[in-house]
Structure formats: C-alpha cells, structure tokens
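So the structure is just underneath, and the comments pick up after that.
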Amino acid sequence: MNYEAVIGLEVHIQIKTHSKVFTRVAAGYGQPANTLTDPVVLALPGTLPVMNKAALDAIIKAGLLLGCEIAPVCKWDRKNYFYPDSPKNYQISQYDQPICLGGSVEIELPGVARNVMGEHKRIPLTRIHLEEDVGKLNHFATESLVDYNRAGTPLMEIVSDPALHSADEAFAYLTSLRATMIYGSISDCDMEKGQLRCDANISIRPVGETRLGTKVELKNLNSISFVRDGIAHEIKRQVAVLERGGTLAQETRDYDGQTGTSQSLRSKEMAHDYRYFPDPDLMPVKVDEAWKEKLRAECPELPFPKQRRFVEGYQLPYTLTSVLVWDRALADFFEQAVKLAGQGKAQAVGNWIVNDLLRELGASKREFTELKVSPEHIAALVQLVDTGSVLTNAAREIFVEMFATGELPGVIADRRGLRAAPTDADELEQWCRDAIAANAKAVAEFKAGKDSAINAFKGPVMKAAKGKGDPKRVDAMLRHLLAAT
Amino acid sequence: MADALFFKPIAELGALLETKTVSSVELTQGVIARTMAVDGRVRAFNSYDEADALAQAAASDARRAAGQARGPLEGIPVGLKDVISVAGQPLTASSKMLANFVSPYDATVTAKLKGAGAVIWGRLNCDEFAMGSSTENSAFGPTANPWDLTRVPGGSSGGSSAALAAGEAIATLGSDTGGSIRQPAALCGVVGLKPTYGLVSRYGLIAFASSLDQIGPLTRTVEDAAIMLGAIAGHDPLDSTSFKADVPDYRVEVKRRQGPWRLGIPKEYFGAGLDPEVSAAVERAIAFYRTQGCEIREVSLPHTQYCLDTYYIIATAEASSNLARYDGIRYGHRAKDAKDAVDIYFKSRAEGFGPEVKRRIILGTYVLSSGYYDAFYLRAQQVRTLIRQDFLNAYREVDALLTPTSPVPAFKLGEKSDPLALYLCDIYTIGVNLAGLPALSVPCGFTAGGLPVGLQLIGQPFAEANLLAMARVYEQAHDWRLKHPVLP
C-alpha cells in the first residue's frame, strides 16, 4: 500500500531582545550559570512580571512578515506544570487568544537540477504565540543543577497546520522560516544555541484517505538536518509498523540525531493537564492599527519575493539568485554594487559576489560584517574588466588582493602591472595567421565542423601575446580568419 | 493622663518629632520596650530587628537635624505584615515553607515607606500565606487579641492589628484579599483601609490571589490612614496591574471634605448571622450619619449570596498557581530525604504547607482542571462581573455603602475549628475585593464584654479621599480611638 505522511511542525524561536520578556535583566547565551537572573526570573516571593514591549514588537513583526492576522488584544495565560527548570512552576504563555493567527510560510522544494527552480508552496500556519523560555537542567552523577540564565527569554511558538507531506518539505519549511526570522532581525535562529527548536507531529495514512492517522510527536530535533532525517526515519518506522500489521500508539518519541534512532518518551495517557487560566498579574495589551503600521514599515522584503525580483528585474540566472537572496546583507551588498556598476552588469556583479567574494570569505573565516571590500570595489572591478583594461584572469588576482587589503582594484592593477597591454590589431592578426598556418590539421577539423578545434590555435596566440591577449578578441579574430581560409 | 508615646497617632507624634520634643530613637526605643513587655502575650511579631530599627531611627534623627525631614512619616516606627518584602529581613508568610527565607529586595511599599522616612519595624504574624480570618493558621502559632488574650485578633493581618492595638507599632501595613485588613482592624479596634485594586503596588507582596490582593494601612486614626495611604499609593512600573492615577493629598482631603453624603445600607448585609451587639453599634452609627444631614437609603446588592462561592473559586484558583513556586528547589523548605525532583516537590510541600493552605491549593487545582474550568472558574468570573455591577448600580444612588465589617466581634481562639464557619467571617468584606473597590473599617463602639466593633464604609473606585473623610466625621464625633486595651 502507498502511504502519505502528514506533518505539522511546532517551532520555538527565541526573540532577540536586550532584556528578558517579563523583567529588566539581560537576556543572553554563554554566561556563567545563574548570572542572568533577578528576583523575578527566580520567582522569589512577591515578584511580578512586566511585559517587555520589544518582545511584543518582534512577534507582531514576525506575524506581519508571515501574513498572519494580528489579534487586537495581546492577552496572557498561565500554563501550570511542575518542572525544576520552570521557576514559577507555571509558564506565562498564550492559550486561547494567540497574538498571531493564520498566515503561511512559502517554501521551495528541490528542483530537478541544482540550477532549476523547484516547486513553490505555501504552508499554512495555525498560530504564533509568545511565551517565556525555561531554564536548563544539567545532570551529573548524583545530582542535577539548574541554570536559570535562559529562563524568561522571550520565545515564540510557531505552529503549522498539518500540511507538510515529506521530510524535504519540512526541511524547506524550516529553512524558509529561519531566513524570514533572520531577515526581520527577530532572531538569529542559531540552533546550536537553542534559538530555534523544532518538534514534529507526524502521522501517515493510505493515499486517498482523508482522516488523519495516529499522531506521533517527535522531539529533540536540534538541527535542521536532524529534522529532515528524524522525520524521514519516523515515516519509515510508521510504515513498517503498519505493513507488518501492527498499530501505532499516540506517543512522544525522542530522536537521536547521532544514531538516527528514536525511542518512546511517554504515551498519551501521561499527557499533562496544564490548567490554563488568564494571568491576573498581566493586563491585556491593545494592538492598534498605528502600532501595526509602524511595524509593517520596518518589514523587509523576504527572500522569495526578492528572488523573483532578481530573476525578472536583473535577468539573473536562478543559481546566482538562490545564493544571493538568502542572506539579507549579501543581497543588499549585491544591489548596491549593481547600482554603482549599472543595471546591465548585474550578472557580472553577481558572479563576482557568489564565486569570488564568498570563496574568499569562506577561506578567511571572517564574518560578512568584517569585509574590507565594499560594493564600490566590486563595481570598479567590473568596470575595469568591461572596458578591457583588465583581463579576467588578472581580475581574479586583483580580487584576491583587494579582498585581503581593501585597496581599490585600479590601484592594485597599476601597482602589480596587471593592466591589459593595449594590443595592436595588426599584431593580433599576425599572431593568429601564424597559428593557423602552423596547424593545418586543426584547420581541417574546424572546417569539418568540430568547433572545439579552434582552441588548438589559442595557445600559440596567447604565448605570442605573453598572456595579455584578450581571449574574446583572440577568439573573434581566429573565427574571422578561419572563415576566410 | 496623657497617652504613652506608643499609643499616640502619627499626626501627634509628628508634631513632637518636629519640635524635637522627642527623637525618633526615643520613640523607637519606646515601641521596642513596649514590644518586649507585651509581645510574649500578644505574639504579634514573627521577628524583629531592634538594632536595624534603631539605626533607621538614628538616620531619621540625623535627617531631621540636617533639615531634611521627609514628611509626616519621618521617624515613625511602622510594622509590616510578614508577607511584605523588606531587603535583608525574613519573609515567611507565617509558613514553615519560608521559615528561613530572607528576602533580598524591598517591596515597592517598603521602598516608599523608607523613602518617606519611616522606621521599618518588625515582621508581623498572619494566617499562613494570608489564608484565614483569625491568624490561627500561622505556622508560628496564633496571635492574641490585646482586648482579650483568649480571643483571636482577626485575620489574616491579625499581627498587624494586634501590634497596633497593643502599642507595639505606631502604624502597620496589612494585605487584604477578602477582608484581611478590615476584619482584624474591626476586631482589634483600629482603622483598616483596603484601597481600590490597583492603587497600591503589589510588587513585593507575597501573592495569595493576585486579582484580589491589595496592601493597605492599619492605623489608630483615620488621619493616620490618610497619611499612610498617601505614602504607599501610586503607579508602579513593576506592577502591571497598578493604576496610572493621580494620588490626591489624602491628609488635606480628609479634612477638607465634610459631606453630607448619600449613604446606602445594603439590606443583604443585615440578615441572619449578624451579632445583635454588632448590629446595634452599626445602627447607632447610621443614626449618627443621619443627624449629620446624610441621606440614608436602603440599597440592594442582589448577588451577595454568591460572593462566598465566587471568592473561594477565584481566590483558590489563583492561589494554587501562585503557590506553585514554593517547591523546595530554589529556596524555602526542602525535605531532607527526597530522592528526586518529584519527591522533593511532594515531600517539601507536604511538610512545608499547613492544612488550610493545602486545602485551598487542592480546591484551586480542582476548579482549574480540564473539564471543570468552564463550570467553576469561568462561571465564577462571570458572577464576579455581576457582583461588581451590583455595587456600581448602587453608586448611581449613593456615594458609599455602610455595613458592619464583621458579623461577629472577636471570637475565642480555637472556637471556630470548622473552616466553613471561619469563611463566614468574611461575608461582608469579600464582595469588596471581588468588585475591586476601596473600603475601610473604623471603630464604632464596644460590646458589653468590652470587645471592639467595626463599621465598614465601601466607596466608589479610587474614591479613598471621600471614604476617609466620611470615616473621620464619625471618628471625630466619638472617642472610641482614645480607648486602649489594658494588658494584664
């Protein structure tokens, strides 16, 4: 039998704010244990929460970016459960009135080849709500210790509809969601730091069936690849169980990305009763149109719309755009360089950035923000090549040097003597005639239709030009002479 | 014979301090000496720190000498109920759970009192986590009523009312969730004011029921209550439920406003269960107001009969969640022999909480449970709206309501062993908390047996100045405030 997987993702993303969501103490990562705490974080007797407006701004912005409906009132509920990482033994969260409803995440599935755009889909969202993160338990041989540094960090939970149908879709969903949040400066989404965490609800059903199968919740998917692998593994496991006539239990399973296996954590019977009720310590907050408009104005263009614009507006090939648009700073850098170099030079600019700049950046292990070259450098280099002042090979060398030093390309070309020699047309014609005369076999092959035979003449010409011949002009001259032979 | 210093109201002591007739150190020493002499019998304090109080008093005297006195509370010893945080001092909520807890921060009211120059003096006993009406639920033992040491001082702020009546503090702060300031004030013959919900910051008050709790003063006189309220009221950025309202100068307003007012007598508050002596005292007070030209009108609060049920659903629901943090993990009592985290929870909470607290946590957990939420908690919130509407309807006809504070005068320690019988002590006070209104209790006489009786005035939202003025008109025409208990 053929089965279809139905997957819903619950993604927790930490919001990047200076202070925690209900108190003034700093939010952060990698600090000594329990230093990012205060009486409110530790839930000392008598303390009260006060809403951090920046966190609310961020989640509303996230909702606007994803096309959600923003609730007119932001209301708080307590989710009651006991666990040592939760200082109050209740989590302030949103239960029946999440701040964002609906919306969707646009995803792109893998294309048939790397240079072909894949199918696009919109995965509908159920809701996004704001809550507070919990602390972290560290287990030792005979005791466990709690670090409350993370407790109270603003956290949003983004819940998708059960509308994903493969591990690849889940992967694409997370990639797109992550890029959206980074674009909006809402979170850095560093999964190693726990800034983005994902749980997946997975069920399978025979193709054609409309009812949902038994749902398994998969936890601890702590990298985007683990999400893909874990889901693929779970779908296979479920199919195997049904194929051998077994039944699936509604349960929560823990996926181990290192071994690629999962095991049951708890069954449905042990599900919590969280006893939600409105938090009497926090007043509901009205979100009016003016507030939303102000945030809407801060919303950046997202990667997919940007990609469509790059393809249509700049006539860029898909492969270039698929590198350029996923990093907002890189895309901005590109557009600034194009503005300086001219609209028609977009592909040349894109090539330099995607091929040379990213290669050098990777090799240098520097951050994009630490770049010594600016869009001006790229535009200047493009112009040097375009006017024939510098040949492509020389330009590559210039690029490496300007990346390292931040000098302008013209300066490097002059200092290093990398300007193309102004080749005399007669001289070039003579070199070409000599090369053709010296290789009758290649002439015959070329005449017989073997186009690549032309390359046999180029070596001797370049040798005669001492490496400074413009390959385009050489090629054109050879073709001109061969046609006349 | 003139009163001893420790029986004088703030206003009088302020004049003595101002003229340097006495120093704050002398006054504080007097209060400490009085406490040493009587607290073995009254047991109003959970703890006190004489050295710290005297250091504060000395600092106050130094400020005054430098011409930097901060106002009417400068140098006045004020006792705080042991649910209000004072940096560096114990904060126990009269619970074994917090028996060894020292708070690292000041509640907003504490910071405001310090800022006003007051001398923070002692941690006052109460019912455990402010749950009760007799102060018998304290893990550290009951407080006695100074008017009759075999009787309760009321509760939950019984330490605050008893200490004041016994001269162990010049003024005190209590907290009121269902009557916990007003009822002990009535039973101990002092003034107790529960402000409008949101007027006084709750930051640093151990939460019992967040939507009902308010801190308020207990004082010897109405003017003193005005002075104390002026010091602690006002918006606090650390409490989201605190109201952004202008705070009038209550001390000026309480004398300026003379009435007459239209007073409503809610008929539901004068039914079965009301002690005849209490009833008679309140009737005399009503008659007094009539002679002052006040219009007295009977009004109805038709949902009164649902107050108790509504209160015990909402208060316990909130309490079950508020008290979850006392788990033995970060601070507070931790069972010695616990095996793992869950075991720490079960054993620490079983050992740390007393029976009334456990009863309310269990009740509150139940009413919030899946399948019961709609029938109990949600319904109670709807009824709460109706109860508030009752009061607001009445305020279309009258300026304030006049009722007994407590249906009975102080009862014997151990007399009410049935929790439900104790819950009935609050029937005239809990509606006010459900409706978020201000109310005060002012002494209105004594029973034949010499027990104080309190009169409750319930006001419109944020109309504390009116309420205080009404109470002062009555107070000034009577001399109840001049009587003090004689401790054997």
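Every read-out reported here was derived from the displayed coordinates using simple, explicitly stated rules and does not represent laboratory data. No experiment lies behind these values; they were computed from the predicted model shown. All Cβ positions, even for glycine, are placed from backbone atoms using ideal geometry, and neighbour counts span all protein chains on display.
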Given A:LYS20/B:LYS114; A:LYS75/A:LYS294; A:LYS79/A:LYS193; A:LYS75/A:LYS215, which pairs have Cα atoms separated by over 23 Å?
-> A:LYS20/B:LYS114; A:LYS79/A:LYS193; A:LYS75/A:LYS215
R0 of 25 Å, Cβ-Cβ distance A:MET283-A:ARG24: FRET efficiency to nearest 0.05 | 0.85
Can you tell me which of B:116-124, B:269-277 comes out highest on packing, and rank the rest after it, using the mean Cβ neighbours within 10 Å?
-> B:116-124, B:269-277
Here the convex hull volume per residue of the stretch A:301-416, taken over Cα atoms and given in Å³, is 93 Å³
Consider all pairwise Cα distances in chain A and report the whole-number % of them above 29 Å.
-> 63 percent
Take the Cα atoms of the stretch A:370-430, find their three principal axes, and give me the spread along each one in whole Å, biggest first.
-> 49, 19, 15
Could you order peptides B:175-188, A:133-146, A:379-392 by the average number of other Cβ atoms within 10 Å of their residues, highest first?
-> B:175-188, A:379-392, A:133-146
Is the shape of the stretch A:69-222 best called rounded, prolate or oblate, per the rule: a/c under 1.5 gives rounded, else a/b larger than b/c gives prolate, else oblate, with a ≥ b ≥ c the square roots of the Cα gyration tensor eigenvalues?
-> prolate
Express in whole angstrom the spacing between the alpha-carbon centres of the stretch B:452-481 and the stretch A:90-129.
-> 61 Å
Could you work out the mean count of beta carbons from other protein chains within 10 Å of each residue's beta carbon in A:72-85?
-> 3
Per 20 Å bin, what percent of the C-alpha pairs of the protein assembly as shown does each bin hold, from zero upward?
-> 12, 33, 25, 17, 8, 4, 1
May I ask for the distance between the Cα centers of the stretch B:290-364 and the stretch A:277-351, given as a whole number of Å?
-> 52 Å
So, with +1 on the Cβ of K and R and -1 on the Cβ of D and E, and no other charges, what is the size of the charge dipole of chain B about its Cα centre, to the nearest 20 debye?
-> 220 debye
Relative to the longest principal axis of chain A, what angle (0 to 90°, nearest 10) does the C-alpha long axis of helix A:471-484 take?
-> 50 degrees
Sort out for me the Cα centre separation of the stretch B:31-73 from the stretch B:80-127, rounded to whole Å.
-> 14 Å
Can you list the aspartates and glutamates whose alpha carbon is less than 14 Å from that of B:LYS267, not counting same-chain residues fewer than 8 positions off?
-> B:GLU283, B:GLU298, B:ASP390
Express the Stokes-Einstein translational diffusion coefficient of the stretch B:166-234 in µm² s⁻¹, to the nearest whole number, given a Kirkwood radius over alpha-carbon pairs, 25 °C and a viscosity of 0.890 mPa s.
-> 204 µm²/s
Reachable lysines from B:LYS339, criterion Cα separation under 25 angstrom, eight or more residues apart if same chain = A:LYS88, A:LYS136, B:LYS96, B:LYS347, B:LYS358
Considering the alpha-carbon set of the stretch A:267-368 alone, what are its Rg and its Dmax in angstrom?
-> 22.4, 65
Using Cα positions and a limit of under 21 Å, work out the lysines in reach of A:LYS463, with same-chain residues fewer than 8 apart set aside.
-> A:LYS441, A:LYS472
Ordering of B:22-32, B:78-88 by packing [mean C-beta count within 10 Å, highest first] = B:78-88, B:22-32
log₁₀ I(q)/I(0) of the stretch A:361-485 at q = 0.10, 0.23 Å⁻¹, via Debye over equal Cα point scatterers, no solvent, to two decimals?
-> -0.43, -1.20
Partner chain Cβ atoms within 10 Å, averaged over the residues of A:44-57 - can you pull that number for me?
-> 6
Percent of alpha-carbon pairs separated by more than 43 Å within chain B | 9 percent
Note: the stretch A:3-292 at 20 °C, 1.002 mPa s; Kirkwood Rh on alpha carbon pairs; Stokes-Einstein D in µm²/s works out to 106 µm²/s
Hey, got the average number of other protein chain Cβ atoms within 10 angstrom for residues in B:206-212?
-> 3
At 20 °C and 1.002 mPa s, what whole-number value in µm²/s does Stokes-Einstein give for the translational diffusion of the stretch A:425-484, with Rh from the Kirkwood sum over Cα pairs?
-> 191 µm²/s
Taking chain A as a whole, which cysteines find no other cysteine Cβ under 4.7 angstrom from their Cβ?
-> A:CYS74, A:CYS189, A:CYS198, A:CYS299, A:CYS432
